[in-house]
1. When V19 is evaluated against the numbered criteria (1) closer than 25 Å to Q115 by Cβ; (2) in a helix (DSSP H, G or I), which criterion, by number, is the only one it fails?
2. Among G43, G51, G65, which is assigned to a loop (DSSP other than H, G, I, E, B), assigned by TED's automatic domain parsing to the domain that holds I95 and of a type in the set (G, A, S)?
3. Name the residues in the stretch 68-86 that are closer than 23 Å to T36 by Cα and crowded, with 19+ Cβ neighbours inside 10 Å, would you?
4. Would you mind finding the one in R116, R106, R111 that is surrounded by 13 or more Cβ atoms within 10 Å (Cβ to Cβ) and either more than 29 Å from I37 (Cα to Cα) or under 14 Å from the mean Cα position of the chain (by Cα) (or both)?
5. Does A29 satisfy the condition of being farther than 18 Å from T94 by Cα, loosely packed, with under 14 Cβ neighbours inside 10 Å, assigned by TED's automatic domain parsing to the domain that holds P103 and at pLDDT 90 or above?
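The values are calculated or read from the model by the stated rules, or taken from the named source; none is laboratory data. Since we're looking at a predicted model, the values are computed, not measured. All Cβ positions, even for glycine, are placed from backbone atoms using ideal geometry, and neighbour counts span all protein chains on display.
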Amino acid sequence: MFRFFFLMFLLVPLVELYVLIKVGSVIGALPTILLTIFTAIAGAWLMKSQGIATMQRAQQNLAAGQVPETEMMEGLFIFLGGLFLLIPGFITDTIGLLLLIPPARRFFAKRFIMQRQSNYARYHGQDGNVYEAEWTVAKDGHVKQVHVTYDTNQSDAIEGEVLDSDDSSKKHDK
């Protein structure tokens, strides 16, 4: 990982410098500098406006009782997009603008969330959504422990186990 970041910090500025020199030789030094300054200012403005809109959507989701996971990832991408636009260079500006375009940003955010959920499921040995519950019920002086597993990949398959306090156990599969 250290090598990757070292190469990025070494290669990105060199490639950006090369592109700036090439563009400067075509359109001139002053227009190149002004274009670089303009993209930084536009990036700061876009970052502010997109950030406020994303924050409002996140607050609406929270008020509705939903987790604003997409909005949180979009907020991270807005920050990164603004950061890329503040770095002088046309390649980083292109990446920054791409991250500040709402449909592209939502696509990247949803894809990132799905990838993280897939990695989490794979790491925990789950191929899909598995819901497990465990509780204790006291009835007529008997305490029963109940364990239920529901796997969405197996349509309506529910597996349950009831353990009675007098050591008799029953298994029920539906």
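1. Status for V19: all satisfied but (1).
2. Values: G43 fails: assigned to a loop (DSSP other than H, G, I, E, B); G51 fails: assigned to a loop (DSSP other than H, G, I, E, B).
One residue alone meets the criteria, G65.
3. F77, I78, G81, G82, F84, L85
4. Values: R116 fails: surrounded by 13 or more Cβ atoms within 10 Å (Cβ to Cβ); R111 fails: surrounded by 13 or more Cβ atoms within 10 Å (Cβ to Cβ).
Only one candidate qualifies: R106.
5. Details: farther than 18 Å from T94 by Cα: yes; loosely packed, with under 14 Cβ neighbours inside 10 Å: yes; assigned by TED's automatic domain parsing to the domain that holds P103: yes; at pLDDT 90 or above: yes.
Taking the combined requirement at face value, the residue satisfies it.
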